[in-house]
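Below is one structure, written out as structure tokens; comments come after it.
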Amino acid sequence: MKVINRAQLLAEVGDPLVAYQVGPDDICLLADNYWATITAEDGVLSGALVVLNDSVDGADLIGELESVSQENGLELSWLSVDGKLDIAARPEWKYRSDWVWMWAQRVVGGEGCDLVDLDDLSDAEEINNFAIPLNPLFEGSPGHGMNLFWVGARGDDGGLIGCGTVRETQAGFGHIAGVIVDPGHRGRGLGSAIVAELSRKMLERDPAVTISAYAENENAICVYEKLGFKLAHRFSAWATKPRPAEPK
């Protein structure tokens, strides 16, 4: 295993995840049977995205990632792996979820819904009041200066019935997050319209836009694929502590 920079990793693997997600300050690792990136979080904790070419011993891999993290003053607290990895022998890694990472260079469809622009600061309370009761782990994070812009949709009474946002990845490209639609208004193309509008706004600036989803949310993944997103990775994610709910 060797530590290399982002440009070297991109030249070696040519993966869109490296091109559009990995930042210049991320730690990049390359081995015979895997490549990985380690990202600092809050300057203390860190997480790793790992793509495996072959099966690898989970304990050995985590040991290598922890060693590199510690050398850089970080504590490895989450790990997402695309490939087979058995870490059952490490009881501290007890929280698991599965998610997908997708990217698009153009989108098609998604028209036909009336959407409005929302402000990350002035509309933060309204967005949280709408979204968090529907999903306590809502990933929009309005009001914290993390987002570039929002789009939403309002019902007949003027209240929100859907929204979504874009923030920048470590690589400086747009990543769609916080997409949520009121259950009473699902199945009408509103989610598709929100993702399409966010994507078109970002593709006016960037060569690509990215999005992720829980792996079990097959309906959302299908919607994204119909819009033009390509599924690049299916990750199994482990963490040493539970994910916190969205700050209010």
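The values are calculated or read from the model by the stated rules, or taken from the named source; none is laboratory data. None of these values were measured; they are calculated from a predicted model. Neighbour counts run over all protein chains shown; Cβ positions are idealised from the backbone, glycine included. Ligands, DNA and RNA are stripped out before the accessible areas are found, and what is left, the full protein with its side chains, is counted by its heavy atoms. Shrake-Rupley method; radii C 1.70, N 1.55, O 1.52, S 1.80 Å.
Brief remarks on what is shown
- Solvent-accessible area per residue for the range 1-69 (1.4 angstrom probe, square angstrom): 43 Å²
- Sorting the segments 178-188, 100-110 by their residues' average number of neighbouring beta-carbon atoms within 10 angstrom, most packed first, yields 100-110, 178-188.
- Alpha-carbon centroid distance for the pair the range 180-241 / the range 1-54, whole angstrom: 23 Å
- Rounded to the nearest 20 debye, the dipole size of the range 162-205 about its Cα centre is 60 debye, using +1 on the Cβ of Lys and Arg and -1 on the Cβ of Asp and Glu.
- Computed lengthening from Ala59 to Glu111, 0.36 nm per intervening residue step minus Cα-Cα distance: 13.9 nm
- Within a Gaussian network of the chain (alpha carbon springs, distance under 10 Å), most fluctuating of Ser67, Ser46, Ser236: Ser67
- Length added when fully stretched, Ala31-Thr240, from 0.36 nm per residue minus Cα-Cα: 72.8 nm
- Cβ charges +1 (Lys, Arg) and -1 (Asp, Glu), total dipole of the range 112-175, debye: 240 debye
- Counting heavy atoms of the protein chains alone, Thr240 has an accessible area of about 40 Å² for a 1.4 Å probe.
- Sorting Trp99, Trp150 by accessible area puts them as Trp99, Trp150; the probe is 1.4 Å, largest comes first, and only protein heavy atoms count.
- 0 to 90° range, to nearest 10: angle between helix 190-203 axis and the chain longest Cα axis: 70 degrees
- Accessible-area value, Leu203, 1.4 Å probe, nucleic acids and ligands omitted, Å²: 40 Å²
- Positive dipole terminus of the chain, leading residue within His175, Met146, Gly189 (C-beta point charges): Gly189
- The mean sequence distance of close C-alpha pairs (under 8 Å, at least 6 residues apart), as a share of the length of the chain, puts its relative contact order at 24 percent.
- At q = 0.14, 0.20, 0.21 Å⁻¹, base-10 log of I(q)/I(0) for the range 1-127 (Debye sum, equal scatterers on each alpha carbon): -0.73, -1.16, -1.25
- Prolate/oblate/rounded label for the chain (Cα gyration tensor, a/c 1.5): prolate
- Pairs of alpha carbons in the range 135-192 whose separation is greater than 18 Å (percent): 37 percent
- The chain: most fluctuating residue of Asp206, Asp120, Asp60 per GNM, C-alpha cutoff 10 Å: Asp60
- Leading residue at positive end of dipole, the chain (Cβ point charges), from Ala215, Gly63, Leu76: Ala215
- Cys222 contributes about 60 Å² of solvent-accessible surface, heavy atoms of the protein only, 1.4 Å probe.
- Using only side-chain charges placed at the Cβ, +1 for Lys and Arg and -1 for Asp and Glu, the dipole size of the chain relative to its Cα centre rounds to 440 debye.
- Label sites at Trp99 and Asn135, each approximated as a point 7 angstrom past Cα along Cα to Cβ, lie 1.0 nm apart.
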